[in-house]
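The values are calculated or read from the model by the stated rules, or taken from the named source; none is laboratory data. The model shown is predicted, which means the values in this text are computed figures rather than measured ones. Glycine also receives a Cβ, built like all others from the backbone with ideal geometry; neighbour counts cover every protein chain displayed.
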Amino acid sequence: MRALRIIVAGCVLALLGLLVWDVAHRSGGKVARDVDKGEIVKAPAFSLPRTTGSGKLSLASLRGKVVVVNFWASDCVPCKQEQRQLNTVAAKYADKGVVFLGIDEIDLNGPARAYLRHYHVRYPSVSDGDGAIAGLFGVTGTPETFFIDRRGQVVPPHIVAPPQGDALEAGIRRALNA
Amino acid sequence: MTRAALVAVAAALALVAAAPASASEKHPTQSELEAMLVCPSCHVPLDESDSPVAQQMKAFIRKRIAEGATRSQIVDELVGPPNNLGDAVLGVPRTHGFDLIAWILPLGGIAVGAVGIGAGAWRWSRRRASTSLLPAGGPQLDPELDRRVDEALAHFDG
């Protein structure tokens, strides 16, 4: 009978451990919420496979530069609408210490590569196939754009649609001055 | 002779059972793969989803089947490189690694429950057996008490 109690207690403890592990790994997703409140927060670390070519690209490798992170997907119509503007601004700020990084969210590699070719996207893009990094950022759809300063902190604004007017460049200027 | 015949029948049955699985692995069908995979954005079986990414997955499966890919290859290419959609596209957990817990816990729970019920039934049956082994008419009385009872009864009779 004692053995049975030990087994039952062990099972309960194992289930509790699983629950704690699950909750601990769901603690992300606050970045967008906090930035929308005007706060500056540490950017989640990630290393993702490049959408074109081979190997991975980590956010840490871009430290020291302002990083404009744009979440996109090949089937996203607003992404297509904003792509020309993103390309133009990326080229304009390329020699000012600003790097654009596309994060392709829940997408297949073939259509994603076709999108990048079709829209002449020159800046790097990585694949977040299961949407895990989008989850850490608190992304709820595409497109969404974040600005990360030279110290790896996400600064406001957080743009949740194709940028209107000067919003994209205003975000870059703020990140450069942070 | 009988044992040899039984072994032969069992082997034949195992072969018959394994043959469709092997054929399905080498020559998977579109509907079979759509039934075992899940749309990663809407979390419903692929054959019930019409989301953009589900349509992409269906097209990918169709193309890879036409190219002669096996079931495992197609699933692995969706879960891992080049598409990296992750385990979220699997309709059932894998039977290795961390996902094995999803299989072990329910089976372990059933096993522990069965052992518990078995142990309880065994104890209950033993208790009943020991109760039924008592002498007829109840336990033996102390001789002194027996004598006093006899005296009292004699007093009433007298």
How about the stretch B:39-75: which of its residues are touching a Leu at 6+ places or on another chain (Cβ under 8 Å) and among the charged types (D, E, K, R)?
B:Lys58, B:Arg71
Taking interchain pairs and intrachain pairs at least six residues apart, which have beta carbon atoms under 9 angstrom, with the first residue in the stretch B:128-146 and part of a loop (DSSP other than H, G, I, E, B) and at pLDDT below 65 and the second loosely packed, with under 10 Cβ neighbours inside 10 Å and not hydrophobic (A, V, I, L, M, F, W, C)?
none
Of the conditions (1) within 14 Å of another protein chain (Cβ to nearest Cβ); (2) more than 30 Å from B:Ala119 (Cα to Cα), A:Lys30 satisfies every one except a single condition; which number is it?
(1)
Check on A:Val89, of a type in the set (A, V, I, L, M, F, W, C) and without any contact (Cβ under 8 Å) to a residue 24 or more places away in the chain
no
Checked against (1) more than 11 Å from chain B (Cβ to nearest Cβ); (2) in contact (Cβ under 8 Å) with a residue 40 or more places away in the chain; (3) over 21 Å from A:Glu169 (Cβ atoms), A:Leu19 satisfies every condition except (2)
Tell me the residue from B:Ala66, B:Ala59 that is aliphatic (A, V, I, L, M) and surrounded by fewer than 11 Cβ atoms within 10 Å (Cβ to Cβ), please.
B:Ala66
Subset of the stretch A:55-109 [farther than 17 Å from A:Leu136 by Cα, among the hydroxyl-bearing types (Ser, Thr, Tyr) and more than 14 Å from chain B (Cβ to nearest Cβ)]:
A:Ser61, A:Thr88, A:Tyr93
A:Ala112 vs. criteria within 11 Å of chain B (Cβ to nearest Cβ) and in contact (Cβ under 8 Å) with a residue 12 or more places away in the chain
yes
So which helices (runs of 4 or more DSSP H) stay within the stretch B:1-109 end to end and still have 3 or more residues that are modelled with pLDDT under 95, more than 27 Å from A:Ile133 (Cβ to Cβ) and away from every other protein chain (no Cβ under 13 Å)?
B:2-26
Can you tell me which of (1) closer than 21 Å to B:His43 by Cα; (2) loosely packed, with under 11 Cβ neighbours inside 10 Å; (3) of a type in the set (Val, Ile, Thr) is the one B:Ile110 doesn't meet?
(1)
